Amino acid sequence: MNRKLRYAMVGGGQGAFIGAVHRIAAGMDGKAELVAGAFSSSPDNSAATGKELFLDPSRVYGSWQEMLDSEAARTENRIDFVSIVTPNFLHHPVAKAALLAGFDVVCDKPMTLTVEESEDLCRTVSETGRIFALTHNYTGYPMVKQARGMISEGKLGTVRKVVVEYPQGWLSTLLESTGQKQASWRSDPARAGVSSALGDIGTHCENLVHYITGLEMDEMMADLGTMVEGRALEDDASVLIRYKGGARGILYCSQISIGEENNLTIRVYGTKASLEWKQEHPNWLHVRYPDAPEQIFKRGNDYLGEAASRASRIPAGHPEAFIEAFANIYLAAYEAMATRQHGDHPSVQDGARGVHFIHTALKSSTNRAWVDASYTPPQ
């Protein structure tokens, strides 16, 4: 493609955190520009956001439906894709409408509220031939890609055990009662869906394990809890997992672990070696052996694999982190849009797998039993 991609954003208006993150990431490599948007359910907020971003007022809309209708009818400077950064309940209707209007889609997670909605999006992507990228941004870190490469090359041997955790402490009080925007919608079943902790951060854990190891779940036993009185959704979850092929896993996510910020950590234990990666120290990958000293692989060095090297922008010793990882998802999506071939980014099938994980864990916790967790998303 001999020009920048043009995109529109749904959500991400004034007072929203993730919209600004997406806009910075989308533009980091100079390959796309924001030209339109429906930034809020409030037309005034949307207009004010568009003004802040110096957009043409005629391409700042009061609703996402108006935006898609107007942009689809354009004969010049038509958008190429839509970035969806709304609360969860809008992901499915906006994504489906954008795909059917002929636009590619980049969507925040979890992909939908229900398994049925997620499978509907899988079919819609297949039928329309559009590109769909899900922003599980942690897969964009260079050292996550290095971990994936080492496991696929057999450097760890056969994977036996995976431990993944994502503790936060920001909802250790009834923050939603104060009107705080993020807490209010993430704890509201009408906007967040059936889950808070699992939907927000547990899905990152599930996706990270699948991306790095390729393991597929077989069975699970989940224990979900609402620890803060008056909260409508769970704020803490622990899951035991049996993977196909015999590996075992522990997944823990929490929003009430006081003192924790975003301490996403994964440890993978194989028959030859083990590895550990921590999101709060993302430029290092620890690899440990039974009969040799620990190795620490560092981002930006020539000894890394191709995928990890391609995901880095600056020399070793200069830290790269959250925004750059987000940008790698967008960059992979741009390559897919140019080639019309799926790239190294989480897909609509990954989104369906994540939604299935949420609902299966809820079923297990409700029944207090091991349940079948196997799932093959529609292609």
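Brief remarks follow.
- Here E324 fulfils each of the conditions (1) within 16 Å of L208 (Cβ to Cβ); (2) crowded, with 21+ Cβ neighbours inside 10 Å; (3) acidic (D, E) apart from (1).
- Check on A97, buried (at least 22 other Cβ atoms within 10 Å of the Cβ), touching a helix residue (DSSP H, G or I) at 6+ places or on another chain (Cβ under 6 Å) and touching a residue at least 24 places away in the same chain (Cβ under 8 Å): no
- Yes/no for E216 being surrounded by fewer than 19 Cβ atoms within 10 Å (Cβ to Cβ), in contact with a Lys or Arg (Cβ under 8 Å, 6 or more places away or on another chain) and among the charged types (D, E, K, R): yes
- Some residue of the stretch 248-260 being more than 9 Å from P167 (Cβ to Cβ), assigned to a strand (DSSP E or B), without any contact (Cβ under 8 Å) to a residue 40 or more places away in the chain and in contact with a strand residue (DSSP E or B) (Cβ under 6 Å, 6 or more places away or on another chain): no
- Lone unmet requirement of (1) surrounded by 13 or more Cβ atoms within 10 Å (Cβ to Cβ); (2) at pLDDT below 95; (3) not small (G, A, S) for T75: (1)
- On the stretch given as the stretch 363-379, residues that are closer than 18 Å to D218 by Cβ and surrounded by fewer than 21 Cβ atoms within 10 Å (Cβ to Cβ) total 10.
- Looking only at the stretch 164-175, and only at residues there that are buried (at least 18 other Cβ atoms within 10 Å of the Cβ) and of a type in the set (A, V, I, L, M), the one that is farthest from D218 (Cα to Cα): L175
- So Y375, is it aromatic (F, W, Y), at pLDDT 95 or above and closer than 30 Å to R23 by Cα: no
- For the stretch 165-185, filtering for residues that are within 25 Å of V239 (Cα to Cα) and without any contact (Cβ under 8 Å) to a residue 40 or more places away in the chain leaves 1.
- Members of the stretch 37-54 that are crowded, with 17+ Cβ neighbours inside 10 Å, within 21 Å of A97 (Cβ to Cβ) and free of Cβ contacts under 8 Å to residues at least 24 places away in the same chain: G50
- Residue among A361, A321, A352, A325 that alone is farther than 15 Å from I131 by Cβ, within 17 Å of the chain's Cα centre (by Cα) and assigned by TED's automatic domain parsing to the domain that holds V194: A352
- Residues satisfying the stated conditions in the stretch 104-131, i.e. touching a residue at least 60 places away in the same chain (Cβ under 8 Å) and touching a strand residue (DSSP E or B) at 6+ places or on another chain (Cβ under 8 Å): D104, V106, C107, D108, K109, M111, L121, V125, I131
- In summary, T203 fulfils each of the numbered conditions (1) in a loop (DSSP other than H, G, I, E, B); (2) touching a Pro at 6+ places or on another chain (Cβ under 6 Å) with the single exception of condition (1).
- Qualifying positions in the stretch 330-349 - under 17 Å from the mean Cα position of the chain (by Cα) and either of a type in the set (G, A, S) or at positive phi (or both): A332, A333, G343, S347
- Residue ranges of helices (runs of 4 or more DSSP H) in the stretch 42-159 with at least 3 members within 18 Å of S347 (Cα to Cα) and either assigned by TED's automatic domain parsing to the domain that holds R353 or of a type in the set (S, T, Y) (or both): 115-128
The values are calculated or read from the model by the stated rules, or taken from the named source; none is laboratory data. Remember, predicted model here, so these are calculated numbers, not experimental data. Using ideal geometry, Cβ is built from the backbone for each residue, glycine included, and neighbour counts are taken over all protein chains shown.
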